Each structure stands twice: as C-alpha cells, then as structure tokens.
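So the structure is just underneath, and the comments pick up after that.
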Amino acid sequence: CERVSELVQNVGVLSTTLAEDPDTGPTNLSAVLATEVRMARQNWPTAEIVADFPAQTWVVADRFLDTVCENLLRNAVEHNDKETPRVEVNVETGEEVVHLRVADNGPGLTAEECEQAFQRGTRGDEGVGLYLVGTLVERYGGAVEVADNDPEGAVFTATLPAAEE
C-alpha cells in the first residue's frame, strides 16, 4: 500500500509539473531538508542518516523541492542492501550554485544504471522517483547526476541555482 501511495503521489507531482509553467523563486533548501531528514529518520529507524548543511541555504525552486529531497533520501535507503543503511546528506554552497549531495553505502550502480538513472522508467513503477527528481531539478535550471561513492555505494548530486532570501 505504501509503495502504491508513493507511486500515485509521484505521478501526481509529475503530471502537475508537466502541465504547469514553473513558478520558481527563492526557496530555503535547508528548511526543506530538515523536514525531509526528520521524516526519513522516522520512516526508516534502522537507517543511519547523517545530515550536515547550513541553517539557511536559498535556491531557485518551487513547492515541489520537498519531492526532490524525499525521493533522493528514499532511493538511498530503499535500494540499500546493508543491515544498517547509511545515508549522508550535505550541502555545499557557492555564489551561483548549491550542491545537494545524498550518498549511501549500498550496492551502487553499474555504468548503464548511472546513464539511465534519471530517464523515464520502462519497468513498471521502477525509476519514477528519480525521473521526477531529474525533471524537477532541470525545471529549476539545475542538473542532477549520480556517481560511485568511495569506498561503496552511490552519491547523487543535485546542482541547483543559488538564490537570495
């Protein structure tokens, strides 16, 4: 039931996103992350979620920024094969861009999976969350990528345009 609910929510956000013109503006990434990290810790109490980000980080986004953060966190925990999934969330600020990184200690991705990570899923409900992440981040004028996490796992980086409060 939870998986179906998640899929319905993601498809709803995706259809709204594709149907509406973006209404972007300054959005406090730190406030959104604080909420999503707290919810992730509640939803996955056996996961170790470490977060390090400034109290105020403003980016150009819209009301769906929480969906980006939620899906990156969900992906890091749910696709992790460790007894204790470890997820590290951090934010690096620059003058023009902000990098949101979500790294995990899971099995990582193959080169082919990295290339296809943000493409529309062709295997039923698989990949809808990451496709939505890619769609939203591009809508904000940013980019998202995935790479190997040393020594194991994957690291997803969403680069978003910086904004002033």
- Note on ALA51: of the conditions (1) open to solvent by less than 60 Å² (accessible area, probe 1.4 Å); (2) within 18 Å of VAL98 (Cα to Cα); (3) in a loop (DSSP other than H, G, I, E, B), unmet is (3)
- Task: Output the qualifying pairs, or none if there are none: Cβ atoms under 9 angstrom, residues six or more apart or on different chains, first residue in the stretch 121-138 and farther than 16 Å from VAL59 by Cβ, second residue modelled with pLDDT of 75 or more and of a type in the set (Ser, Thr, Tyr).
- Result: GLY121/TYR131; GLY129/THR67; LEU132/THR67
- Message: Looking at (1) part of a loop (DSSP other than H, G, I, E, B); (2) at pLDDT 90 or above; (3) open to solvent by 20 Å² or more (accessible area, probe 1.4 Å); (4) farther than 21 Å from THR24 by Cβ, which one does GLY106 not meet, given that it meets all the others?
- Response: (3)
- Task: Would you mind stating whether THR84 is over 13 Å from VAL102 (Cα atoms) and either open to solvent by less than 20 Å² (accessible area, probe 1.4 Å) or free of Cβ contacts under 8 Å to residues at least 12 places away in the same chain (or both)?
- Result: no
- Which one is nearest to GLU113 (Cα to Cα), of the residues in the stretch 134-165 that are open to solvent by 50 Å² or more (accessible area, probe 1.4 Å) and outside any strand (DSSP E or B)? GLU152
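This table checks each residue for (1) without any contact (Cβ under 8 Å) to a residue 40 or more places away in the chain; (2) polar (S, T, N, Q); (3) more than 19 Å from VAL50 (Cα to Cα).
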{"residue": "ASP62", "(1), (2), (3)": "no, no, yes"}
{"residue": "VAL68", "(1), (2), (3)": "no, no, no"}
{"residue": "ASN71", "(1), (2), (3)": "no, yes, no"}
{"residue": "GLU78", "(1), (2), (3)": "yes, no, no"}
{"residue": "GLU92", "(1), (2), (3)": "yes, no, no"}
{"residue": "ASP104", "(1), (2), (3)": "no, no, no"}
{"residue": "PHE118", "(1), (2), (3)": "yes, no, yes"}
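The values are calculated or read from the model by the stated rules, or taken from the named source; none is laboratory data. Keep in mind that what you see is a predicted model, and the values were worked out from it rather than measured. Ideal geometry is used to build each Cβ from the backbone, glycine not excepted, and the neighbour counts take in all protein chains shown. Note: areas computed on protein heavy atoms with side chains; ligands, DNA, RNA excluded. Shrake-Rupley method; radii C 1.70, N 1.55, O 1.52, S 1.80 Å.
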